[in-house]
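Shown next, in structure tokens, is the structure this report addresses.
Where a number appears in this text, it was derived from the coordinates with a stated rule and is not lab data. Remember, predicted model here, so these are calculated numbers, not experimental data. Using ideal geometry, Cβ is built from the backbone for each residue, glycine included, and neighbour counts are taken over all protein chains shown.
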Amino acid sequence: MIDDPAKELPRPIGPVISLTDAEREALDEEFGRLGRSLHSLPLDDEGFLTEAEFAGTRLPGHLLRELRRFRRQGNSAGALIIRNVPVDPVLPATPLGGRLESWGELPVATVTQLAVTSQIGDVIAYADEKEGALIQEVVPIKGAEKLQENSGTVYLELHTENGFHPHKPDFVTLVCLRPDHARTSYTVVGAAAEMLPALSGHCVEVLRKPSYRLHASSSFGAGKQGLRTGPVAVLSGPDHSPEFLADFHAMEPLTDEAMTAFSELKNALLATIRGARLAAGDLLVIDNRAAVHGRTSFAARYDATDRWLRRCFAVSDIRRSRGARPAGSRVCAPLATIGLAAFPGDLPGPGISDRVEGAACSNS
Ligand SMILES: [Fe+2]
């Protein structure tokens, strides 16, 4: 397991794009009006999503340029932060059970997140997870403290988001509504571009072999089924800009050399990791193809004022997943019906596969 990077202060995540107060106020009014007028629609209503996407075209030009550049080219940090985005001035209680009754309780934050996310991709969700919600509440849940899930409070190991899924997100956005009480928890990001120079040539060679398996997340309701992928590689694609797939909780090296390379990878990530203490009004965008992420530990009170982030996923091309989604829906059908990930460079593998021993793995 990778160590908790909170022991040492990580380098900051950048670039940071800050909205001016005037920009935020203008968006707040417009997004709030849109959210309140359409609050009776389900979040995955295509008409609402189109309106939210269109609202995103009215984001300030300096932000749109950065988002579109990031969508096409990424950056060396594998992430960017937008500060001072509009969120609702009066927040409901942090949902103790991890579920908000209606997105209409947060019209501004909801439209803000959809508007930004839809500028970098097509919003997507997964029926297995959080009831297929397009925006998910990331909050601590009592009793889940030690789980490797977004509901836990222990150090959340670095991971690719839903890396086991055949239509895993290309991008993850996180909007912070409330930080942890002590404001000490870092959301951390480890980028391939910054980690690679620290790896030996032999290590890269091994990481490019399909010598790893990913266990499906328990938050996907897959725990009891023990689903895991066929053999996959950690690195694939061009040397100068590889795809990066890793999970220090749910990935299983299949050979001794794969284990050794995974350990070297861990050290390289620790040496280059970046982190941010997200504050209310911060929006973090992660390139899930080129970076892994995690979170350092924090203390929860379970008193309705706990840390509260909201998460949304996007893919570059929603059409690729059409066979996995009901017609007209952004929500991928349960894994049990569509199978697990197949990756370039895979050996012929069992796909939706063998039972595995031990506890299921999860992340968020
Ligand atoms: Fe995650």
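Structural remarks
- Calculated [θ] (222 nm, deg cm²/dmol) that DSSP helices of n ≥ 4 give over the chain, each run adding -39,500 (n - 2.57): -7000 deg cm²/dmol
- Eligible aspartates and glutamates near K266 by straight Cα distance, threshold 12 Å, same-chain separation 8 or greater: D3, D4, E157, D247
- Among G281, G323, G163: highest mean-square fluctuation, GNM of the chain, C-alpha pairs under 10 Å: G323
- Residue exposure sequence - T160, T296, T229 - by fewest surrounding Cβ within 10 Å: T296, T160, T229
- Fewest-first sequence of D128, D287, D256 by Cβ atoms within 10 Å of each Cβ: D256, D128, D287
- Viscosity 1.002 mPa s, 20 °C: Kirkwood-radius Stokes-Einstein D of the stretch 211-312 over Cα pairs, µm²/s: 131 µm²/s
- Interatomic Cα distance distribution for the stretch 113-250, bins of 5 angstrom, percent: 2, 8, 15, 20, 20, 17, 12, 6, 1
- Averaging 1/r across all pairs of distinct Cα atoms in the chain and inverting the result yields a Kirkwood radius of 20.5 Å.
- Cα coordinate range in the stretch 143-197, projected on the principal axes (Å, largest first): 34, 27, 21
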